[in-house]
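So the structure is just underneath, and the comments pick up after that.
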Amino acid sequence: MRTANRKHPQNGYRMALAPYSVWAALFVVVPLAFFAYYAFTDNQFAFTTENITRFFTATSNIVQDDGTSVEVRTYLLIFMRSVKLAVISTVICLLMGYPIAYIMAQAKERTQKTMVTLIMIPMWMNFLIRTYAWMTILQDTGILNGFLSTLGIGTVHIIGTEAAVIIGMVYDYFPYMVLPIYSILAKLDNRLLEAARDLGCGSLSVLRRVIIPLSMPGVISGITMVLIPSISTFYISQKLGNGKFFLIGDAIEGQYVANNLHFAAAIAFILMLILLVCMAVVKYVTARYVYGGDEE
Amino acid sequence: MKTSAKIYSGIVFAILFAPILVLLVFSFNDAKSLSVFSGFSLKWYRELLNDRNTLEAVRNTLVLAASATVISTIMGTAAAVGINKLRTKWSKAVMNTVTDIPMTNPDIITGISLMLMFVFVGRLFGAATSLSFWTMLIAHVTFCLPYVILQILPKLRQMDKSLPEAAMDLGCTPVGAFFKVELPEILPGIITGAIMAFTLSLDDFVISYFTSGNGFETLPIRIYGMTKKTVTPKMYALATIIFFVTLGLLMISNLVDEKDEAK
C-alpha cells in the first residue's frame, strides 16, 4: 500500500508540472530561438549577418554645439551612451540606496515595515505617468524652477539634458536597489558586529570589514536589478531627454515601429548577449572576491 | 535613529514622493496646467468618467489582468508543487533556469521575442495581423508565472513533509491529501503570488506594447498614447485612481502575510 502510494504521487507531481513545462518551452524558450533566427535572417528569411554588421558599421552625421558636423557610428554611439547612463544611474542608486537600506535595517521592527512599504509605494504608480510627472517638475517653466525662483535662487535648465535622463532612471529603479540590500542587512547577525567591536574594530572598520562584505549578495542583486532595466529602457529618454539622447531601447522600439523586425531583433540580440556577459562577470567577481577568500 | 539618519531618510522619501504628490495635487487642478495650481475642482474626474475609450481600456486591463492571474496562479501552483518534488539535479537546474529567464531578461527582450514568434506563426496561417487579446494574454501569463512559482516554492519547502504522508496513511488519496493538507499550508503563498501577478499585469507597459494588436488597448498603452500628445490633468486623475487601487491590493497582501506570520 505504502509503495503504491509513493509511486502514484510521483506521477501526479509530474502531471502537475507538465502544463508549465509545455508553456515555458513554447513561450519562453522557442521565442528566444525565433529571436536569434530573426537576427540572422533578412526579410525573405535567408541567412545573413547583415543586421549584425549594420549595428557595428552604420554611420550618421551629428552636428556638434560649435556647428561642426562629425561622422559617428550610430548604433555604437547609442550603445555606449546607454551603458554610460545606466552605469552612472546604478552607481547613484547604490550610493544613495545603501545608507537608506542600512538605516532601515537598524530601525525598530515597526519602523522597518513602514519604511519598506514607503519605498515600495512609488513602484505602484504607473511608470509612464511617474516619468511624465518628473517632466512637469523639471521643465524650464516647471514646478522646480517655480520653486527655486520664489526662493530667489534663479532657475536651472535640466530637461533635455543627460542629467534629466539619469534623474528619471534613478527615480524609477531606486527601490530595486534598496530592497535587496535591506533584506540582507536586516538578517545580519548582530553578534558578528559586536565581536568585531570587541576585537578592537572602530565603527568605520566594522562597516568596511564586516558589514559591507557580508551584504555583497544584496548589493550584487541590487546592481543587477537596476542595471538591466536602465540599460534597456525606452521611454525615460524620450520624455526627459527631449528625444535628444537615444538609448538602445529607443533604437529597438524605433525599428519595431518602422517594421524592421529583423534589425530590431539584431539590436536586441546584441543587447542580450552583452547583458549575459556582464552578469557572468558580476557572478565571477562575486564568487572570487566575496565568497572566495578574505585577503584585501 | 540618529538625527543625521533621520534627515537623510527624510530627504530620500521627500524625493520619492514628490512626483506622486504632484500627480495627486494636479489631478484636482481647476485649470488645464500641470505646473500651476489655480483652484480645486473635480472636473477632471468627471471628464474621466465620460471618456469612453479610457473606460474601455480600464475594462480591457481588468479582464486581461484577471484572466492572466487565474491562469498563471493555477498553472504556477501546480508547477511549484511539481518542481518541489523533482529529484534529479539536472531537472531542477533546467526548471530553475527556465523560470529565471523571464525575470532576468529585460522586458523589451521578452516582449520582442514573443512578438516575433506571434508574427511568424500568424504569417504561417496567413493572418494579416496576429496580435490580439490572445497574444497579450499569453505574454502576461508568461511573465506572471515565475513570480507566482517563486512565492509558492518557499512555502512548500517550509512545510512539514510528513503531513501529506500522514494523510495518505490515514486513507487519503494523493489528490485528496493535496487539497486537504498541502493547499491550506501554501495558501498564503498562492494569494500573495496571485496579487503580485494581478498588479504586475495591471502595470505592465513594455511587454504589452510589443504584443498588443489593433483593437485591444490596455490602460498603460492608452496612457502611452496620451503622453505622446499634450497631457491634461485627466490623466493624473486616472493615475490617482489606479494608484489607490493598487495600494489597496498591496495592503491586502501585507495583511495576508502578517496573518501568516502570526500563525
Seminar exercise, completed: The condition from (1) surrounded by 16 or more Cβ atoms within 10 Å (Cβ to Cβ); (2) within 12 Å of chain B (Cβ to nearest Cβ) that A:Met15 misses is numbered (1)
Problem set entry | Scope region A:24-33; condition within 8 Å of chain B (Cβ to nearest Cβ) and either open to solvent by 50 Å² or more (accessible area, probe 1.4 Å) or in contact (Cβ under 8 Å) with a residue 40 or more places away in the chain (or both); matching residues | A:Val29, A:Val30
Problem set entry | Restricting region B:218-252 to residues that are among the small types (Gly, Ala, Ser) and surrounded by fewer than 20 Cβ atoms within 10 Å (Cβ to Cβ), the residue that is nearest to B:Leu62 (Cα to Cα) | B:Gly248
Exercise. Looking at region B:169-178, which of its residues are outside any helix (DSSP H, G or I) and closer than 16 Å to A:Gly12 by Cα?
Worked result: B:Cys172, B:Thr173
For this session: Output the number of residues of region A:34-71 satisfying the condition of being within 29 Å of the chain's Cα centre (by Cα), surrounded by 14 or more Cβ atoms within 10 Å (Cβ to Cβ) and in a strand (DSSP E or B).
Result: 0
Exercise. Just a yes or no: is a residue in region A:251-262 open to solvent by 50 Å² or more (accessible area, probe 1.4 Å) and within 17 Å of the chain's Cα centre (by Cα)?
Worked result: no
Exercise. Are any residues in region A:34-56 more than 11 Å from chain B (Cβ to nearest Cβ) and among the polar types (S, T, N, Q), and if so, which ones?
Worked result: A:Asn43, A:Gln44, A:Thr48, A:Thr49, A:Asn51, A:Thr53
Exercise. Any residue at all in region B:14-26 that is touching a strand residue (DSSP E or B) at 6+ places or on another chain (Cβ under 9 Å) and open to solvent by 20 Å² or more (accessible area, probe 1.4 Å)?
Worked result: no
Seminar exercise, completed: Residue set B:Gly171, B:Gly215; condition within 11 Å of chain A (Cβ to nearest Cβ), farther than 16 Å from B:Ala68 by Cβ and either open to solvent by 40 Å² or more (accessible area, probe 1.4 Å) or within 13 Å of the chain's Cα centre (by Cα) (or both); output residue B:Gly171
Exercise. Restricting attention to region A:117-132, and to residues there that are in contact (Cβ under 8 Å) with a residue 12 or more places away in the chain and among the aliphatic types (A, V, I, L, M), which single residue is nearest to the other protein chains (Cβ to nearest Cβ)?
Worked result: A:Leu128
Problem set entry | Matching residues, region A:133-143, being assigned to a helix (DSSP H, G or I), open to solvent by 20 Å² or more (accessible area, probe 1.4 Å) and at the interface with chain B (Cβ under 7 Å from one of its Cβ atoms) | A:Trp134, A:Ile143
Exercise. Limited to region A:40-69, what total is found for residues that are touching a His at 6+ places or on another chain (Cβ under 8 Å) and either in the same structural domain as A:Ala264 (by TED's automatic domain parsing) or more than 23 Å from A:Met80 (Cα to Cα) (or both)?
Worked result: 3
Exercise. Residues A:Thr155, A:Thr161, A:Thr114: which one is within 29 Å of the chain's Cα centre (by Cα), open to solvent by 50 Å² or more (accessible area, probe 1.4 Å) and either more than 10 Å from chain B (Cβ to nearest Cβ) or of a type in the set (Gly, Ala, Ser) (or both)?
Worked result: A:Thr114
Exercise. In this structure, is A:Tyr176 closer than 22 Å to A:Val83 by Cβ and either open to solvent by less than 50 Å² (accessible area, probe 1.4 Å) or not hydroxyl-bearing (Ser, Thr, Tyr) (or both)?
Worked result: no
Exercise. Got a number for residues in region A:211-240 being open to solvent by less than 40 Å² (accessible area, probe 1.4 Å) and more than 18 Å from the chain's Cα centre (by Cα)?
Worked result: 3
Exercise. Can you find a residue in region B:47-63 that is in a loop (DSSP other than H, G, I, E, B), under 30 Å from B:Ala177 (Cβ atoms) and open to solvent by 80 Å² or more (accessible area, probe 1.4 Å)?
Worked result: no
For this session: Name the residue, out of B:Gly10, B:Gly76, that is open to solvent by less than 60 Å² (accessible area, probe 1.4 Å) and either touching a residue at least 24 places away in the same chain (Cβ under 8 Å) or assigned by TED's automatic domain parsing to the domain that holds B:Leu156 (or both).
Result: B:Gly76
Seminar exercise, completed: Requiring at least 1 residues that are among the aromatic types (Phe, Trp, Tyr), the helices (runs of 4 or more DSSP H) wholly within region A:166-272 are A:248-257
Problem set entry | Which numbered condition B:Ile191 misses (of (1) over 19 Å from B:Ser132 (Cα atoms); (2) part of a helix (DSSP H, G or I); (3) in contact (Cβ under 8 Å) with a residue 60 or more places away in the chain; (4) open to solvent by less than 60 Å² (accessible area, probe 1.4 Å)) | (4)
Exercise. In region B:226-256, what residues are facing another protein chain (nearest Cβ under 10 Å), in contact with a helix residue (DSSP H, G or I) (Cβ under 9 Å, 6 or more places away or on another chain) and within 30 Å of B:Ile186 (Cα to Cα)?
Worked result: B:Ile242, B:Phe243, B:Val245, B:Thr246, B:Leu247, B:Leu249, B:Leu250, B:Met251, B:Asn254
Seminar exercise, completed: Reported set for region B:34-51 where residues are more than 8 Å from chain A (Cβ to nearest Cβ) and in contact (Cβ under 8 Å) with a residue 60 or more places away in the chain is B:Trp44, B:Tyr45, B:Glu47, B:Leu48, B:Asp51
For this session: Using the structure shown, decide if B:Ile186 is touching a Ser or Thr at 6+ places or on another chain (Cβ under 7 Å) and crowded, with 18+ Cβ neighbours inside 10 Å.
Result: no
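The values are calculated or read from the model by the stated rules, or taken from the named source; none is laboratory data. In this text the structure is predicted, and so the values were computed from the model without any measurement. When we count neighbours, we look across all protein chains shown, and the Cβ atoms used for this are built from the backbone with ideal geometry, even at glycine. Calculation scope for accessible area: heavy atoms of the full protein, side chains included, ligands and nucleic acids excluded. Shrake-Rupley method; radii C 1.70, N 1.55, O 1.52, S 1.80 Å.
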